[in-house]
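Structure, as structure tokens:
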Amino acid sequence: MAKKLKIKLIKSLTGRHDKHIATAKSLGLTKIGNETTQPDNPQTRGKINKINYMIEVSEV
């Protein structure tokens with residue numbers, strides 16, 4: 001079975017760069033406290049690296 005990553009938004013999207021907001025929304029994160037489970041692949045890792053200061057990541 002492929003690995004999954006649990007991603008939680010821990011900082012607000014208010015006042016962030018438009019591309020960072022779009023990246024968070026593409027992961028399904030819209031409000032502080034939102035959590036999502038995503039596959040562990042290069043595309044997801046790239047998104048995580050872009051907004052790593054706003055999220056918390058753990059393996060499932």
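The values are calculated or read from the model by the stated rules, or taken from the named source; none is laboratory data. Remember, it's a predicted structure, so these values are computed and weren't measured experimentally. Please note: Cβ atoms are built from the backbone with ideal geometry, for glycine as well, and neighbour counts cover all protein chains shown. Just so you know, the surface numbers come from the protein's heavy atoms only, side chains and all, with ligands and any DNA or RNA stripped out. Shrake-Rupley method; radii C 1.70, N 1.55, O 1.52, S 1.80 Å.
Among residues of the stretch 16-60 being open to solvent by 70 Å² or more (accessible area, probe 1.4 Å), of a type in the set (S, T, N, Q) and outside any loop (DSSP other than H, G, I, E, B), the one that is nearest to K3 (Cα to Cα) is T37. Residue-level analysis places L29 among those that are touching a Leu at 6+ places or on another chain (Cβ under 6 Å) and not aromatic (F, W, Y). Cβ separations smaller than 9 Å between residues 6+ apart or across chains give the following pairs from the stretch 33-60 residues that are closer than 17 Å to T14 by Cα to residues that are open to solvent by less than 90 Å² (accessible area, probe 1.4 Å) and of a type in the set (K, R): G33/K8; N34/K8; I51/R16; M54/R16; I55/K8. Looking across the stretch 1-12, the residues that are open to solvent by less than 80 Å² (accessible area, probe 1.4 Å), of a type in the set (A, V, I, L, M, F, W, C) and out of contact with any Lys or Arg (no Cβ under 8 Å at 6 or more places or on another chain) come down to A2, L5, I7, I10.
I'd like to verify a number: residues in the stretch 1-15 that are charged (D, E, K, R) and part of a loop (DSSP other than H, G, I, E, B), how many?
Total meeting the criteria: 2.
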